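Notes to accompany the following structure.
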C-alpha cells in the first residue's frame, strides 16, 4: 500500500486569505487536517484561520503541544503527535498540518516532521511555504521590510540586553519576535539610541483585533499580547 503524505501547509498570520492557492488546494483535498490544539479545550489559532476553508467530510486532528521549555516533555509530545499522524499515513491517508505563518519559520511543524521521520524513516513529508510575520507587519505598516543593501536581523526572543545591542550595531532593520516579555528593557535601549520614533509594534498582525503602536517615545510600558512583533528601522 502506498503511504499517505504529511503536508505542512502554511496558512499565514491570521487573515484566512493569506494562504497560497497551492496550500488551499492541498488543505481541502486532504482527508485529515491536523493543527496544534488550543488551550483549555478552545479552538487553536491555526484552526480558527482555516475553519472557513474546511469541508464537512474532512476529519480534524487537534495535536497537543505543551507550551513549556522542558525538552523531555516536548519530545514526548512530539512523539505522541507523530504516532497519531502515522496511524493515518500508514493507511495511505494524507494529512495536512495547518501551520501558523510559514511552515519553516520557527514552526512547530518542524519538530513534528523531524520526529515522524526519526520514528518512521519511510514517512513522506512535503511543505508548502506561505506568509510569515515579518512580511505581514511590513505590509500592515505600509513600508518595505528592506531596501537596497540593508541588513536584516530577526531575533526570536531577547534574553540579554547585550544580544540586542550587538545586533543593532550591524543590522539596519531588526525584527523582534515575542516582544511582550522584554518590552521594558528593549524600550530603554531604543531610547538610548534615539530609535523610538523609528520603531513599531504590531499585535496580532492581520487578525481582526490587530493593533499598531507607533512613536513609542510616550510608551515606556505597554501591556502587549503574546503575538506582538517589533520592527526597528535605523
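Of all residues in the stretch 128-150, those that are under 15 Å from residue 207 (Cβ atoms) have Cβ atoms under 7 Å from Cβ atoms of residues that are surrounded by fewer than 17 Cβ atoms within 10 Å (Cβ to Cβ), 6 or more apart or on another chain, in 140/212. Here residue 13 qualifies as closer than 19 Å to residue 134 by Cβ and in contact with a helix residue (DSSP H, G or I) (Cβ under 6 Å, 6 or more places away or on another chain).
Scanning the stretch 181-199 turns up no residue that is outside the structural domain of residue 100 (by TED's automatic domain parsing) and within 18 Å of residue 18 (Cβ to Cβ).
How many of the residues in the stretch 37-55 are modelled with pLDDT of 95 or more and touching a helix residue (DSSP H, G or I) at 6+ places or on another chain (Cβ under 7 Å)? Of the residues in the stretch 37-55, 2 are modelled with pLDDT of 95 or more and touching a helix residue (DSSP H, G or I) at 6+ places or on another chain (Cβ under 7 Å). Do the conditions hold for residue 175, that is, is it within 16 Å of residue 138 (Cα to Cα) and assigned by TED's automatic domain parsing to the domain that holds residue 139? So residue 175 fits the description; yes.
The values are calculated or read from the model by the stated rules, or taken from the named source; none is laboratory data. The model shown is predicted, which means the values in this text are computed figures rather than measured ones. Because the Cβ atoms are built from the backbone with ideal geometry, glycine has one as well, and the counts that use them run over all protein chains shown.
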